[in-house]
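Worksheet for the structure shown next.
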Amino acid sequence: MKPHPRSLVFLLFSLGLIVFPHVNHIPVSIFAYFYLLLGWRWFGLWQPAYLPNKSLLLLLTLIGMALLYREYQGLFGRDAGTRLFVLALGLKLMEINRERDLYLISFLAFIVAASQFLYEQNLLMGAYILLVCGLLLATLIGLNSQDPKPIGALKTASLLLAQALPMAIVLFVLFPRLEAPHWMLLQDKQQTKTGLSEQMEPGSITDLGQSDELVFRVNFAGAMPPPAQRYWRGPVLSQTDGKRWTQAKNKDFGQFMAQPEFKGQRYQYTLLMEPRAKNWVFALDLPAEFSGALRRNSHYQLISSDNLDKRTEYQISSYPAYNTGFITRTEYDNATQLPGEPSAKIKQLVNQLQGVNHPPEFMIEQLLTYFRTEDFHYTLTPPLMEDKPIETFLFVTRYGFCSHYAAAFVYLMRVAHIPARVVTGYQGGEVNPVGNFLEVRQADAHAWAEVWLTNKGWVRVDPTAAIAPERIEKNVNLDALEMGREIRFSALTEQNSAVYHWLKQANQLWHLVDYQWQRWVINYNTVNQLKFLSSLGIANLQAMLSWLVGIIGVLTAILAGLLLHQKNRAINQTLRSYQQFCQKLAKQGVVRADHEGAKDFAERAITQLPEHATAIAQITERFIALRYSRQGFIREDLQQLQYWVRKLKL
């Protein structure tokens, strides 16, 4: 049987919405080719003669294969599979001959819709996919209806989704979580992610300083540390060639190091990392306690063994006040390495600062004073310094970003024979007052210095604070950022218009919703499930399955009761309307016999009341459809039955 044109229109509209979010995930050529086929099939609804024959369909298939080959990225993986399904969906549209083809297209469309979650898992995308799947469900309902009206199909689909939602929630919460060691093998590893690098050179952190991409979110169990203590530790860079700073190759000294001594305020927090390219976790400096999936390397940086392609949550405790103890020989060698003999200008500056014959603390203070008083500037767009960047920065340009100041500071410390190294990570973060958590973005990327001092261990020194202390107390204002020579910062007590204030609060509320969505839905893994269920008194897998079976049984009984009630109500309404019809005929002397069926009674009534033949036929047809049809109850038929009974005036 040929499909109803209205069902085709509904299906094509749904498919256009389903594939559209993939505009950022599949090549433009494949995306455009699908919509070309979709538009062609839409045109064919009114001009069927222009639809392709078998030869042309073969040519279209070969073109699709050529596009796949051109954008070839392997036989397996997320991207390869998505492209194949999208093209197959478009080509299948060109050979719709019967209802079976519509079912196949609908099922294929459900797969394409689900593939969107391999790319994005935010709340808005979840709502969008639910909407388009509802449209597809309405399409399937329309295919099984004799008169597929969009409004009725949408109502039925909405009712089915509403009835399925409680069951879906129960299964999500109680069903054992399946971790993804197998299907995650199909992930595409060539996707790029921005973030801090394993090396630092002029401009590397500057590029991140203009990005508002989210890196991680932090929810503190108690008080939040003040802005000046919000240093999030990342890679430590000890080796330099005079321009580029990298991590030390020799890291096998951890077993000889002293254990850090922590003191002062302890901060406990939950850190939710975004998907990333490196296995680094940026803990508040200095991490003391952390969850099992983490380890602390010899540079006090946390390293994760979790999957990097998904958001991961960690429980960490940190102390901003600490003493790392003595320095090992390897650490000392790494922290005093120089690429060559310092220039005469550099030596003269170190002697001027009296850094050789005085304690390290005196040299540190002298150098910070030098940065403060010698007309140095903090900017995102420093001039190029390809040749001897440290000397050029110190004696010529004096315009730089945090990486310039940290590199110059560490270099001068080493010339003064003081162990020092560069630490990269993030500093600050924006507080969300609605959810009382911290959001750290790429714009918060930062570099600072560490100097080893006797009886104190490694001590953080941030030369940027000497030049631009507002960078430590405030965040870079990306909205007001200009590609000029100075940087604007967001004041903590900034007064804005009422509209801006309202929009800011709305944005913060949305970030809170998204944060909870990521924590409790996207990140609801086995560990979080067991933790949540244990708080409800469900201690093990057996108890979990017992609860699952019990709740599903209760929900099934409730649903069955509702459906039975609805069916009985529909039957009662049908019989009541038909009895009214029989009573009207009886008043005219046409009485239905007990043994007489509805069809035989209608034929006799039409013979005796021919002027009401149309109404009698319509009422009988609707009654038989509602009472005896295999398709079951259709509300439109009941409404038509009630209409004709009311219209019958005898």
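The value for the range 5-174 of Rg(Cα) / (2.2 N^0.38 Å) is 1.09. When peptides 160-170, 317-327, 273-283 are ranked by their average number of other Cβ atoms within 10 Å per residue, the highest-first order is 273-283, 317-327, 160-170. Relative to the current alpha-carbon distance between A32 and Q315, full extension at 0.36 nm per residue lengthens the span by 97.3 nm.
Multiplying the residue separation of Y103 and A221 by 0.36 nm and removing their Cα-Cα distance gives an extension gain of 37.3 nm. Each of M125, M224 has its accessible area taken with a 1.4 Å probe; listed largest first, they run M224, M125. Largest accessible area first, the residues H446, H25 order themselves as H25, H446 under a 1.4 Å probe with ligands, DNA and RNA left out. Each DSSP beta bridge with both residues in the range 246-403 is either parallel or antiparallel, and the antiparallel ones are about 90%.
Looking at this model, which pairs from K310/K531; K54/K149; K587/K647; K278/K504 are more than 25 angstrom apart at the alpha-carbon? With Cα atoms farther than 25 Å apart: K54/K149; K278/K504.
Other residues whose C-beta falls under 12 angstrom from the C-beta of Q583 contribute a net charge of +4, scoring Lys and Arg +1 and Asp and Glu -1. Beyond 18 Å, what percent of the Cα pairs of the range 569-647 remain? Tail of the P(r) past 18 Å holds 34 percent of the pairs.
The candidates Y269, Y50, arranged from most to least accessible area with a 1.4 Å probe in the full protein assembly, appear as Y50, Y269. Average accessible surface for the range 269-372: 42 Å² per residue, computed with a 1.4 Å probe over protein heavy atoms with every protein chain in place. The gain in end-to-end length when the Y119 to A293 segment is fully stretched comes to 60.2 nm, 0.36 nm per residue minus the alpha carbon separation.
Across the range 427-435, coupling constants 3J(HN,Hα) worked out from phi with the 6.51/-1.76/1.60 Karplus curve, θ = phi - 60°, read 10, x, x, 9, 7, 9, x, 5, x Hz, and Gly and Pro carry x.
Taking the average, over residues, of other Cβ atoms within 10 Å as the packing measure, peptides 418-425, 582-589, 152-159 rank 418-425, 152-159, 582-589 from highest down. Remark on V461: its backbone amide H falls under 5 Å from those of A449, E450, V451, a criterion applied only to residues 5 or more positions apart or on other chains, H modelled at 1.01 Å from N.
The values are calculated or read from the model by the stated rules, or taken from the named source; none is laboratory data. What you see is a predicted model; the values in this text were computed from it and never measured. A quick note on method: Cβ atoms are made from the backbone with ideal geometry, for glycine too, and the neighbour counts reach across all protein chains shown. Each accessible area value is taken on the protein alone, full model and side chains, heavy atoms only, with ligands, DNA and RNA left out. Shrake-Rupley method; radii C 1.70, N 1.55, O 1.52, S 1.80 Å.
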